[in-house]
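Notes to accompany the following structure.
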Amino acid sequence: MPVFKPEKYNPPFIFKNHYFATIYPSLFRKIKVNYQRERWDTPDGDFLDLDWLKKSSQKLLITIHGLEGSSDSNYIKGMVKIFNDNEFDAVAINLRGCSGEPNLGRINYHSGQTSDLDFVVKTILKQYNYKEIIIVGFSLGGNIVLKYGGELGDQIPVEVKKIVGISVPTDLTESVAVINRRQNFIYLRRFLISLKDKFKAKKHLYPDLDATKILGAKDFTDFDGAFTAPVHGFESAEDYWYRSSSIFFLDNIKIPTLILSALDDSFLSETSYPYAHVERNPNLFLLTPKHGGHVGFFQFNSQGYYWSEERVMEFVMQEG
């Protein structure tokens, strides 16, 4: 594969502030896509809601959102739009409980849960005739995508040609410590309110858990220790973060893979920029622009595409 050397990201001055770069796209970006929703029953008796944008292509984009996001997240819609404009069908996976309706079972989604992605890919290959599949994940979804690629290694379906992770906390242990810091209080509070509301909606399914600890959680150490870990079979929050971190799977990725994370991302630890793994594994490509924030990368252009979306499209279109 040719060396991937994209143009440098030089955002407007105000977007060099990483807080503004992170918040602006979520609040003010306007993108319209006309999804068609399908509900798929999962093997364990639950469901996934998938939102499609089709144009009878043999090429498909699969996207996965970040923590407490959905197919309606602007970064998902932006990526779906640029791929659809370039003659790809697209499907946005809503992780369990993220489509606007609580899922049915005790099991929710988490940073290392690749089984639902694997189910979606296998089902698509059975039901459709796609010749080329690209998988793009953002933040938590990016960790899932990278872990999936490493878990499967050379057993990944031949139709899956490339994978991409954007703003990925590849080292969850250290990145959680970063997110728990005081300067990220606003983000942390927003995440915890949403996660606790989902717990309250399904509280009857968790009589064995300590609701006081869950609802009183002040950070991810508290919440993951009281809820995420016991529900999903981990011994502790620390065990969950360690076993779910995609950084331990990167060396086994066998297809071209792009990791795009800004150096000023306030959610990522220094250890989430996997320079050493990229040196060892020729399938990995790492872009670390100075600016961009977390899932930001705003730019002015006539099509409304963000810099990250154009770089992903460029990576996908590159032969090899």
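The values are calculated or read from the model by the stated rules, or taken from the named source; none is laboratory data. As the structure is a computational prediction, the values presented were derived from the model and not from experiment. Backbone-built Cβ (ideal geometry, glycine too); neighbour counts: all protein chains shown.
Brief remarks on what is shown
- Residue within region 37-57 that is on the phi > 0 side of the Ramachandran plot and at pLDDT 95 or above present: yes
Here's the yes/no breakdown for (1) basic (Lys, Arg); (2) within 21 Å of the chain's Cα centre (by Cα):
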| site | (1), (2) |
| --- | --- |
| Lys8 | yes, no |
| Ser26 | no, yes |
| Lys30 | yes, yes |
| Asp49 | no, yes |
| Leu53 | no, yes |
| Leu60 | no, yes |
| Ser73 | no, yes |
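- Residue pairs whose Cβ atoms lie under 7 Å apart, separated by 6 or more positions or on different chains, with the first residue in region 4-20 and part of a helix (DSSP H, G or I) and the second exposed (fewer than 12 other Cβ atoms within 10 Å of the Cβ) and among the β-branched types (Val, Ile, Thr), are Phe20/Ile14.
- Test: residue in region 106-115 that is in contact with a strand residue (DSSP E or B) (Cβ under 8 Å, 6 or more places away or on another chain) and either among the aliphatic types (A, V, I, L, M) or crowded, with 16+ Cβ neighbours inside 10 Å (or both): no
- Number of the condition not met by Gly233 [criteria: (1) surrounded by 16 or more Cβ atoms within 10 Å (Cβ to Cβ); (2) small (Gly, Ala, Ser); (3) in a loop (DSSP other than H, G, I, E, B)]: (1)
- Condition met for Lys213 (in contact with a helix residue (DSSP H, G or I) (Cβ under 7 Å, 6 or more places away or on another chain), surrounded by fewer than 21 Cβ atoms within 10 Å (Cβ to Cβ) and closer than 18 Å to His110 by Cβ): yes
- Counted residues, region 254-312 - those being over 25 Å from Asn180 (Cβ atoms), surrounded by 15 or more Cβ atoms within 10 Å (Cβ to Cβ) and of a type in the set (Ser, Thr, Tyr): 4
- Taking region 183-229 and the helices (runs of 4 or more DSSP H) fully enclosed by it, the elements with 2 or more residues that are at pLDDT below 95 are at 185-201.
- Residue within region 73-81 that is hydroxyl-bearing (Ser, Thr, Tyr), out of contact with any Gly (no Cβ under 7 Å at 6 or more places or on another chain), in a loop (DSSP other than H, G, I, E, B) and assigned by TED's automatic domain parsing to the domain that holds Phe297 present: yes
- On the stretch given as region 170-210, residues that are surrounded by 15 or more Cβ atoms within 10 Å (Cβ to Cβ) and either closer than 24 Å to Leu260 by Cα or of a type in the set (Asp, Glu) (or both) total 15.
- Taken as a whole, region 148-162 holds at least one residue that is touching a residue at least 60 places away in the same chain (Cβ under 8 Å), in a helix (DSSP H, G or I), buried (at least 20 other Cβ atoms within 10 Å of the Cβ) and not polar (S, T, N, Q).
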